[in-house]
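Below you'll find the structure, written out as structure tokens, and then a few comments.
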Amino acid sequence: MATQKSIADKLGLSISLVSRVLSGKAKEIGVAQETIKKVLDEAKRTNYTPNSAALSLRGVKTQTLGVITYDFEDPYFGIILGELHKIAKQRKFTLILAGSNHSDEDSIDISAFAKHSIEGLIIVGSDRKKDWYENFSQKSIPSVQIGFTTDKIGANICLDESRSANLITSYLKKQQTRNVTLFFNHSLSHETFKTQYIKALGEQGINILEDVICDGSVNSVKSGIKQLKELPDVFIAGDDIMATKIIRALHEFNIRVPEDVKVFGFDNIPHARNFIPSLTTVNPPIKEMIQTAFDLVSSPKISKETLRFTPELIRRESA
């Protein structure tokens with residue numbers, strides 16, 4: 001990795017002179033334009049990147065943001081991280097990533113955030129509490145959470161749970177749906193949406209046959225279906241992964257989708273369109289949400305506002 005010392009050694013210059021050039025202060029001490037050009041060309045050739053901690057000590061903006069994701073294996077979070085990367089690249093920001101698998105907070109290591117002097121924090125995922133935040137030393141920086149939370153520390157970007165539920169239930173009413181079975185887990189996001197589903201379904205006069213709680217594993221989904229007293233018109237799943245597992249389990253029970261029963265997902269993950277049958281789901285406005293989150297966290301003004309976004313219905317084969 002290129003450093004000011006390696007550039008200085010290569011060009012036969014002093015480290016202090018190279019430092020002046022790279023910080024844009026060379027002309028103040030009368031450095032020749034030819035020397036400035038040599039230093040800048042060598043820095044570009046070797047992909048020199050300033051040390052963020054050193055910049056921070058000098059009071060220079062590091063353009064570095066910390067990102068915590070609660071589940072690296074969640075494909076929906078993968079979409080969000082991909083969009084964050086695109087915007088960071090466009091705006092010349094550096095992202096420092098930390099997180100866990102399956103929302104295991106004990107495995108979250110945030111030590112890199114202090115090392116790289118982050119100037120903002122983005123949290124990807126929903127939570128009820130933030131135990132890791134007790135050890136976070138940079139509490140005065142802007143932060144934004146993409147998801148639901150009952151332990152708010154900064155701005156919050158999330159879907160409008162009421163509009164999301166009404167979007168789906170209105171569609172089901174038009175399809176003359178008589179009854180549904182819900183499949184959700186105990187996560188905050190699932191419970192938040194389920195509360196609104198129950199309300200919206202009641203308003204549309206659609207009966208809930210069963211409210212199945214499962215951990216999302218294939219076995220728990222199969223067990224939940226086995227215990228049903230009767231087959232509903234529609235299964236409503238808390239997310240697309242749950243929906244695909246429902247379809248898989250129904251296939252093993254020789255129950256056809258959508259001929260015998262319909263299945264609704266949520267999130268519009270990449271393989272939802274390629275699943276057989278392709279998944280009817282709800283598509284969050286990810287690009288708009290991430291753009292807004294990035295604007296909030298890269299602003300010098302600390303915000304604690306909550307912004308809700310409306311998704312769109314994606315009609316495919318499963319419903």
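The values are calculated or read from the model by the stated rules, or taken from the named source; none is laboratory data. Small disclaimer: the values here were computed from a predicted structure and weren't measured. When we count neighbours, we look across all protein chains shown, and the Cβ atoms used for this are built from the backbone with ideal geometry, even at glycine.
For GLU312, the criteria (1) modelled with pLDDT under 95; (2) over 21 Å from ASN219 (Cα atoms); (3) exposed (fewer than 15 other Cβ atoms within 10 Å of the Cβ) hold in every case but one, which is (1). Scanning the range 30-39 for residues that are of a type in the set (A, V, I, L, M, F, W, C) and touching a Leu at 6+ places or on another chain (Cβ under 8 Å), which turns out nearest to LYS10 (Cα to Cα)? My answer is VAL39.
So that you can scan it fast, the table gives a plain yes or no per residue for (1) loosely packed, with under 15 Cβ neighbours inside 10 Å; (2) in contact (Cβ under 8 Å) with a residue 24 or more places away in the chain; (3) small (Gly, Ala, Ser); (4) assigned by TED's automatic domain parsing to the domain that holds PHE148:
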{"position": "ILE225", "(1), (2), (3), (4)": "no, yes, no, no"}
{"position": "ILE236", "(1), (2), (3), (4)": "no, yes, no, no"}
{"position": "ALA243", "(1), (2), (3), (4)": "no, yes, yes, no"}
{"position": "HIS251", "(1), (2), (3), (4)": "yes, no, no, no"}
{"position": "ALA293", "(1), (2), (3), (4)": "no, yes, yes, yes"}
{"position": "SER303", "(1), (2), (3), (4)": "no, yes, yes, yes"}
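Do we find that PHE184 is crowded, with 17+ Cβ neighbours inside 10 Å, in contact (Cβ under 8 Å) with a residue 60 or more places away in the chain and under 23 Å from PHE77 (Cβ atoms) in this structure? No; evaluated as a whole, the condition is false for this residue. Once the range 66-78 is narrowed to residues that are of a type outside the set (Gly, Ala, Ser) and modelled with pLDDT under 90, the residue that is surrounded by the fewest Cβ atoms within 10 Å (Cβ to Cβ) is GLU73.
Check LYS115, LYS174 and return the single one that is out of contact with any strand residue (DSSP E or B) (no Cβ under 7 Å at 6 or more places or on another chain), of a type outside the set (Asp, Glu) and free of Cβ contacts under 8 Å to residues at least 40 places away in the same chain. Steps first, please.
Working: LYS115 fails: free of Cβ contacts under 8 Å to residues at least 40 places away in the same chain.
None of the other options fit; the residue is LYS174.
Going by what's in this entry, would ILE110 be described as more than 22 Å from MET289 (Cβ to Cβ), outside the structural domain of SER303 (by TED's automatic domain parsing) and either under 19 Å from the mean Cα position of the chain (by Cα) or modelled with pLDDT of 85 or more (or both)? When the stated conditions are applied, ILE110 does not pass them. Of everything in the range 205-215 that is crowded, with 18+ Cβ neighbours inside 10 Å and either among the hydroxyl-bearing types (Ser, Thr, Tyr) or under 27 Å from the mean Cα position of the chain (by Cα) (or both), the residue that is modelled with the highest pLDDT is VAL212.
For the range 1-65, please list each of the helices (runs of 4 or more DSSP H) lying entirely inside it that holds at least 1 residues being over 30 Å from ILE141 (Cβ atoms), at pLDDT 80 or above and not assigned by TED's automatic domain parsing to the domain that holds ASP295.
On the way: elements: 4-11, 15-22, 33-45, 52-57.
The helices (runs of 4 or more DSSP H) meeting that bar are 4-11, 15-22, 33-45.
So which helices (runs of 4 or more DSSP H) are wholly in the range 208-319 and hold at least 2 residues that are closer than 22 Å to GLN175 by Cα?
On the way: elements: 218-226, 240-252, 286-297.
Result: 240-252.
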